[in-house]
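Here is the structure we will look at.
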Amino acid sequence: MATQQKERLTRRSLLHRAGALAVAVPAVSALLAACGGGGGGGGTSGGGGGKITIEMSEYKYNPATITVSPGASVTVTLKNVGTLQHDYHIDGINQTSPLVDPGKSVDWTFTAPSQAGTYDTWCTVPGHKELGMVGKLEVK
Ligand SMILES: [Cu+2]
């Protein structure tokens with residue numbers, strides 16, 4: 001009985017340790033993913049070969065900044081994970097995606113500005129830009 005109890009204690013502390021690991025690992029992957037957000041653009045800087053997914057919700061884009069090559073034909077998957085319609089407008093070249101319904105994804109292709117620089121992006125649904133639904137398109 002005493003042995004059993006000891007075993008149970010040991011197992012519990014192991015579980016405890018495993019639990020701590022389980023908590024720590026996603027935190028690290030989240031950090032990596034956050035860093036990878038910019039790095040993910042690395043695939044796209046090749047000029048349209050990479051795939052960019054932008055999650056749209058109230059009232060933000062994730063990632064907020066994407067990086068593309070000058071003049072590239074870029075296809076982004078606009079995934080609306082929110083509860084309202086959203087779209088994606090690029091300042092300077094005045095291109096706007098179709099409106100995306102909640103829970104839907106749309107693949108939208110645009111031609112990146114030929115001039116390197118940072119362009120503002122925002123949602124054209126009234127009020128959303130003011131509520132912070134803005135981002136950046138980095139062209140380099
Ligand atoms: Cu919006």
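The numbers here are math on the coordinates, done by the rules we state, and not lab data. What you see is a predicted model; the values in this text were computed from it and never measured.
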Which whole-number percent gives the relative contact order of the stretch 43-139, counting Cα pairs below 8 Å spaced six or more residues apart?
31 percent
Which of the lysines could a cross-linker bridge to residue 104, judged by Cα under 18 Å and excluding same-chain residues fewer than eight apart?
51, 60, 79
Could you give me the ³J(HN,Hα) list for the stretch 64-73, computed from phi with Karplus coefficients 6.51, -1.76, 1.60 and θ = phi - 60°, whole Hz, x at Gly and Pro?
6, 10, 10, 10, 9, 8, x, x, 5, 8
Show which aspartates and glutamates lie in cross-link reach of residue 136 when reach means a straight Cα distance below 13 angstrom and same-chain residues fewer than eight apart are skipped.
91, 120
J(HN,Hα) series, the stretch 99-116, from Karplus relation 6.51 cos²θ - 1.76 cosθ + 1.60, nearest Hz, glycine and proline x
5, 10, 6, x, x, 10, 10, 10, 8, 10, 10, 9, 9, 5, x, 7, 9, 4
Built amide H within the under 5 Å cut-off of residue 61, gap 5+:
134
